[in-house]
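Notes for the one structure printed next.
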Amino acid sequence: MSFRIVTDSASDISQEMAAQWDIKVLPLKIRFGNTEYLDGVDLTNQQFFEKLVESDTIPKTSQIPPLEYEEVFCAAEAAGEEVLCLCLSSGVSGCFQSACIAAEDHPGVTVIDTRQFCISELVIVEYAVECRRQGLSCAETAENIRSVLDRVHVIAMFDTLEYLKLGGRLSSAGALAGALLSLKPVLTIDEGVVRVIGKARGSRSGNNLLRESVEKMGGIDFSMPVCLGYTGFSDELLKKYVDDSAYLYEGYEDHLKTVSVGACIGTYAGPGAIAFAFFTQI
């Protein structure tokens, strides 16, 4: 029996991609001052970055409330369908808790904390879509998802420390020192939260650290979804990284999907960040 797949906009799955995959993406809310927007619905990623670079303060994002999840769960229940709900990491958001509350009276709903967000959440959702396409049930797909969560990784390099500082994730002194040294922080998601795994001096050194990190994590399983992401207005830095790291993807270039990254990471990364999400080999 077919089932519905539900996720959130922190996955950076556009509404167009959601329609193509036949899934439901619930938008987080983004507040600039007194104005609130629905992520990816009435505020595109480009519009978000335009507002971000023009603003003196960091925007606020808010979780999806239980009522919005319950409306989706009730609609599926009325149609006689089960639901697999894949949530961004409970380490950074209350969306997982909201979905669990909403699912309490709906036995046909399975909620999973992906322990990821941004494009590493996207590749998990894409894997769920592929499981469903192959005819697996909701329970079988959920079991498969849980069995591969430890193999999902994302590596990201920020172009600037400024937005980490504005967001309270870095001291002003640290940001100034980083800027003077042209430091590019390289980060991953570990146990559901962001962790810095290195700082590189300049983009070339950053690209080297990205490549080294991918290799240390166990290599890429190209039988599973792979995704590249970028923040801001251009993917030029990402293209350079792909060119510099061509040996990582040799023979698998058609497996690479590129998406624009939005508010969830963009708030702290600012424009000019790049990221790479993949499953490691077994």
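The values are calculated or read from the model by the stated rules, or taken from the named source; none is laboratory data. Being a predicted model, the structure only gives us computed values, none of them experimental. So basically every Cβ, Gly included, is an ideal-geometry build from the backbone, and we count neighbours across all protein chains shown.
The single residue among I145, I119, I112, I101 that is under 14 Å from the mean Cα position of the chain (by Cα) and of a type outside the set (S, T, Y) turns out to be I119.
If the condition is being of a type outside the set (A, V, I, L, M, F, W, C), within 30 Å of T57 (Cβ to Cβ) and touching a residue at least 60 places away in the same chain (Cβ under 8 Å), then segment 1-26 contributes T7, D8, S9, S11, D12, S14.
Within the option set G251, G270, G262, being under 15 Å from S11 (Cβ atoms) and assigned by TED's automatic domain parsing to the domain that holds I189 holds for one residue only, G262. So, of the residues in segment 87-133 that are among the aromatic types (F, W, Y) and closer than 16 Å to F278 by Cβ, which turns out to be modelled with the lowest pLDDT? Ranking the candidates gives F117 first. Exactly one residue out of S223, S245 is surrounded by 15 or more Cβ atoms within 10 Å (Cβ to Cβ) and at pLDDT 85 or above: that is S245.
Somewhere in segment 163-183, is a residue out of contact with any Pro (no Cβ under 8 Å at 6 or more places or on another chain), modelled with pLDDT of 70 or more and either of a type in the set (S, T, Y) or loosely packed, with under 15 Cβ neighbours inside 10 Å (or both)? Within segment 163-183 (the criterion being out of contact with any Pro (no Cβ under 8 Å at 6 or more places or on another chain), modelled with pLDDT of 70 or more and either of a type in the set (S, T, Y) or loosely packed, with under 15 Cβ neighbours inside 10 Å (or both)), the answer is yes, since at least one residue qualifies. Filtering segment 194-238 to residues that are over 25 Å from D254 (Cβ atoms) and not in a helix (DSSP H, G or I) leaves V194, R195, V196, I197, G198, K199, A200, R201, G202, G232, F233. For segment 99-122: of the residues being over 30 Å from T258 (Cα atoms) and out of contact with any strand residue (DSSP E or B) (no Cβ under 7 Å at 6 or more places or on another chain), which is surrounded by the fewest Cβ atoms within 10 Å (Cβ to Cβ)? Checked segment 99-122; the qualifying residue surrounded by the fewest Cβ atoms within 10 Å (Cβ to Cβ) is P107. Of the residues in segment 133-140, none is assigned to a loop (DSSP other than H, G, I, E, B) and in contact with a helix residue (DSSP H, G or I) (Cβ under 6 Å, 6 or more places away or on another chain). The criterion of being modelled with pLDDT of 80 or more and over 20 Å from the mean Cα position of the chain (by Cα) holds for G218.
Would you be able to say whether some residue in segment 57-64 is touching a residue at least 12 places away in the same chain (Cβ under 8 Å), closer than 15 Å to A269 by Cα, part of a loop (DSSP other than H, G, I, E, B) and among the hydroxyl-bearing types (S, T, Y)? There is at least one residue in segment 57-64 that is touching a residue at least 12 places away in the same chain (Cβ under 8 Å), closer than 15 Å to A269 by Cα, part of a loop (DSSP other than H, G, I, E, B) and among the hydroxyl-bearing types (S, T, Y).
Within segment 240-264, take every residue that is touching a Ser or Thr at 6+ places or on another chain (Cβ under 7 Å) and in a helix (DSSP H, G or I) and give me the one that is nearest to R151 (Cα to Cα). Going through the qualifying residues, I end up with C264. Restricting the first member to segment 27-52 and to residues that are in a loop (DSSP other than H, G, I, E, B), and the second to residues that are of a type in the set (D, E, K, R), the beta-carbon pairs closer than 7 Å and six or more apart or on different chains are P27/D39; L28/D8; L28/D39.
Listed here are the residues, each with its yes/no results for (1) of a type outside the set (A, V, I, L, M); (2) without any contact (Cβ under 8 Å) to a residue 12 or more places away in the chain; (3) touching a Gly at 6+ places or on another chain (Cβ under 9 Å).
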| position | (1), (2), (3) |
| --- | --- |
| E81 | yes, no, yes |
| L84 | no, no, no |
| G91 | yes, no, yes |
| A99 | no, no, no |
| E104 | yes, yes, no |
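Being of a type in the set (V, I, T), at pLDDT 90 or above, surrounded by fewer than 20 Cβ atoms within 10 Å (Cβ to Cβ) and assigned by TED's automatic domain parsing to the domain that holds L161 is a property that T188 lacks.
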